[in-house]
Amino acid sequence: YSGTGLGLVIVKNLIDMCKGENYIKTSKDEGTEVHVKIPIIDTSSGEILMSKIKKSLNVLIAENNNINHKFAHKITESLGWNLEIAVNGEETFEKAVNGEYDLILLDLDMEGADVRSISMKLRQAGKRAVIIGMTSFEGIKEELRCRQAGMNGCIGKPYGKEQFLEIERKFFDKEGKY
């Protein structure tokens, strides 16, 4: 097998044009593996619909609505993230304080839970995870209240894959570190 080596150069240029990534792994007597990751782009909006992170994020979502559980699971699964769900304030705090999460999503409207207080307690306990509030009352006032409670920000509900990718872009590097 011999050639000019032009094939990999062309592939690399195509990957770069698509804002993708690649790496090559070569082992003597075993051959070469070429790994390519190209983002999926929504043609109507131009949005990139694929995770840029090489490792899987560990995500806790505090949400007491079963339909939203399924929706969040579908989104995080498509991004290659690991999802755990908490359905009330007590369970949210216990899982968050005892677990290792990269991202914690808190439903600000969760019945019977003061998630702003939970966020402050998590910060006092030394938790460095990205904490994002989720609310149906989006706006600067809600954003400010979330930040005052130690959260990194808030997103509107209903949420979608685009919001999760925006959180990823804003807070995590390619290794999934905050």
Open item on the list: under 30 Å from VAL36 (Cβ atoms), free of Cβ contacts under 8 Å to residues at least 24 places away in the same chain and either in a helix (DSSP H, G or I) or open to solvent by less than 30 Å² (accessible area, probe 1.4 Å) (or both): which single residue out of LYS141, LYS70, LYS74 fits that description?
Closed with: LYS74
Open item on the list: Anything in region 129-149 that is of a type outside the set (A, V, I, L, M) and closer than 29 Å to LYS70 by Cβ? List them, or say none.
Closed with: GLY133, THR135, SER136, PHE137, GLU138, GLY139, GLU142, GLU143, ARG145, CYS146
- [ ] Out of MET151, MET134, report the one residue that is in a loop (DSSP other than H, G, I, E, B), in contact (Cβ under 8 Å) with a residue 40 or more places away in the chain, closer than 25 Å to SER56 by Cα and not charged (D, E, K, R).
- [x] MET151
- [ ] Under 7 Å between Cβ atoms, at least 6 apart or on separate chains: pull out the pairs that start in region 81-103 with a residue that is within 19 Å of ASN66 (Cβ to Cβ) and end on any residue that is acidic (Asp, Glu) and at pLDDT below 95.
- [x] ILE85/GLU63; GLY89/ASP114
Task: Those residues of region 113-127 which are open to solvent by 30 Å² or more (accessible area, probe 1.4 Å) and in a loop (DSSP other than H, G, I, E, B), in sequence order - done: ASP114, ALA125, GLY126, LYS127
Task: Extreme residue, farthest from the chain's Cα centre (by Cα), among residues of region 154-169 that are in a loop (DSSP other than H, G, I, E, B) and loosely packed, with under 15 Cβ neighbours inside 10 Å - done: PRO158
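Consider ALA96 carefully, then state whether it is outside any strand (DSSP E or B), modelled with pLDDT under 95 and buried (at least 16 other Cβ atoms within 10 Å of the Cβ).
Numbers: outside any strand (DSSP E or B): yes; modelled with pLDDT under 95: no; buried (at least 16 other Cβ atoms within 10 Å of the Cβ): yes.
No, not satisfied.
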TODO: Return the only residue of GLU168, GLU162, GLU111, GLU100 being under 12 Å from LEU60 (Cβ atoms) and among the charged types (D, E, K, R).
DONE: GLU100
Open item on the list: Suppose we filter GLU162, GLU142, GLU138 for residues that are at pLDDT below 95 and touching a Ser or Thr at 6+ places or on another chain (Cβ under 6 Å); which single one remains?
Closed with: GLU142
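The values are calculated or read from the model by the stated rules, or taken from the named source; none is laboratory data. Owing to the predicted nature of the structure, the values given are computational and were not obtained by experimental measurement. So basically every Cβ, Gly included, is an ideal-geometry build from the backbone, and we count neighbours across all protein chains shown. Just so you know, the surface numbers come from the protein's heavy atoms only, side chains and all, with ligands and any DNA or RNA stripped out. Shrake-Rupley method; radii C 1.70, N 1.55, O 1.52, S 1.80 Å.
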